[in-house]
């Protein structure tokens, strides 16, 4: 069964060199992407060698396997740890096969402790799932040729459709109730228009010759009023005979009639 | 309140076939015979007979549609022959296929469920974390609780979406894993 294995073998994980020519590496790089794992690669190599899975020429396959890993490294493909685990398994099996056989065991039955047995079992098990994956692939391909109707808008997918006019009215009343306070506030906010503000500002300047902007702005109650007041000041400076005086940097600004 | 009066116990066979067709048509997902029996207040056997009858009618008149049993329920779908025309109208392309690694992982999960990540690694001989993530994202597999063993690893199984997307009635419709053995053995 096991042929005499050649002794020419060495592998150093740290001494990887790109020994494969560009042409062949291009050709092989495409293949590498297709392997779903070390068992897949191993099956491919066995098929490539046209070997019998039950009698794997372990030395040849190990060499081929390691050549692939070197190639992957030389192509800068990160070699997954799982591929290295398989490499060590192969080397272990190979070294076991090189050991002389126990003549007593040989007499009983040679298949008894074939070091390859466990690997063969795993390969066969894996191959089943690989075929199952192929079957799933075919099924999903068929399934993509079948179409079902699009979703219909139902009460479940569109709850609003279920509401009557009275439901809408109830909801509307609730919303009105909830916003009652805010509505009142908005009426209150109408306090002063820009025109009124300008009028007021003018009146005060003509009464008192000058006006501190700081005190003027402090009289304002809200942000909105403050903005109106500010615009009023700008407007009055533009249109009326007034000027702005600031005595020192960051100090109060005085609005004075000329 | 009107359940009893609304149902019509004296529905004829052809009426039943027609109303079953209507229900299968409007259902967003494959609809079970049990659910139809409840809605129509009929025997499940009567529903099943009606579905079979309906299926036959579609086949006999070579309809562009077919009645399919998917994920334990019934569904109306187009026939595969017209996929090109339908796709042209819908302006869709076949959606992205799963990678080889994802398909393998899915195969292991489908046949071995509930199965843990280390058990998948054992069979595939390679880490399957990203494949499992893809399958979870696509809702083809779901977590099925933890295994009461060291580390309490998460177990995975296939989902209803898996059955729908792969056009399966139920898991028993998958060919037995042992059927693939011949293929594996013939590798020499």
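Going by what's in this entry, would residue B:112 be described as surrounded by fewer than 21 Cβ atoms within 10 Å (Cβ to Cβ) and in contact with a helix residue (DSSP H, G or I) (Cβ under 7 Å, 6 or more places away or on another chain)?
Values: surrounded by fewer than 21 Cβ atoms within 10 Å (Cβ to Cβ): yes; in contact with a helix residue (DSSP H, G or I) (Cβ under 7 Å, 6 or more places away or on another chain): yes.
Yes.
Quick one: count up the residues across the stretch B:115-134 that are assigned to a helix (DSSP H, G or I) and buried (at least 22 other Cβ atoms within 10 Å of the Cβ).
4
Would you please list the contacts, defined by Cβ atoms under 8 Å and residues six or more apart or on different chains, that run from a residue in the stretch B:164-188 that is within 23 Å of residue A:61 (Cβ to Cβ) to a residue that is in a loop (DSSP other than H, G, I, E, B) and at pLDDT below 80?
none
Filter the stretch A:219-237 for residues that are free of Cβ contacts under 8 Å to residues at least 12 places away in the same chain and over 16 Å from residue A:203 (Cα atoms) and give the result. Steps first, please.
Filtering the stretch A:219-237 down to residues free of Cβ contacts under 8 Å to residues at least 12 places away in the same chain leaves A:219-220, A:223, A:226-227, A:234.
Answer for the stretch A:219-237, where residues must be free of Cβ contacts under 8 Å to residues at least 12 places away in the same chain and over 16 Å from residue A:203 (Cα atoms): A:220, A:223, A:226, A:227.
What residue, of B:110, B:77, B:101, is within 8 Å of chain A (Cβ to nearest Cβ) and over 19 Å from the mean Cα position of the chain (by Cα)? Let's see the steps before the verdict.
Numbers: B:110 fails: over 19 Å from the mean Cα position of the chain (by Cα); B:77 fails: over 19 Å from the mean Cα position of the chain (by Cα).
Of the residues listed, the single one that is within 8 Å of chain A (Cβ to nearest Cβ) and over 19 Å from the mean Cα position of the chain (by Cα) is B:101.
How many residues are outside any strand (DSSP E or B), surrounded by 15 or more Cβ atoms within 10 Å (Cβ to Cβ) and out of contact with any helix residue (DSSP H, G or I) (no Cβ under 7 Å at 6 or more places or on another chain) when one looks only at the stretch B:60-85?
Selection size over the stretch B:60-85: 4.
Can you tell me how many residues within the stretch A:124-155 are assigned to a helix (DSSP H, G or I) and either at the interface with chain B (Cβ under 7 Å from one of its Cβ atoms) or modelled with pLDDT of 90 or more (or both)?
Of the residues in the stretch A:124-155, 17 are assigned to a helix (DSSP H, G or I) and either at the interface with chain B (Cβ under 7 Å from one of its Cβ atoms) or modelled with pLDDT of 90 or more (or both).
How many residues does the stretch A:219-257 contain that are part of a loop (DSSP other than H, G, I, E, B) and touching a strand residue (DSSP E or B) at 6+ places or on another chain (Cβ under 6 Å)?
Matching residues across the stretch A:219-257 total 1.
The values are calculated or read from the model by the stated rules, or taken from the named source; none is laboratory data. Predicted, not measured: the structure shown is a model, and the values here were computed from it. Cβ coordinates were reconstructed from backbone atoms using ideal geometry, including for glycine residues, and neighbour counts include every protein chain displayed.
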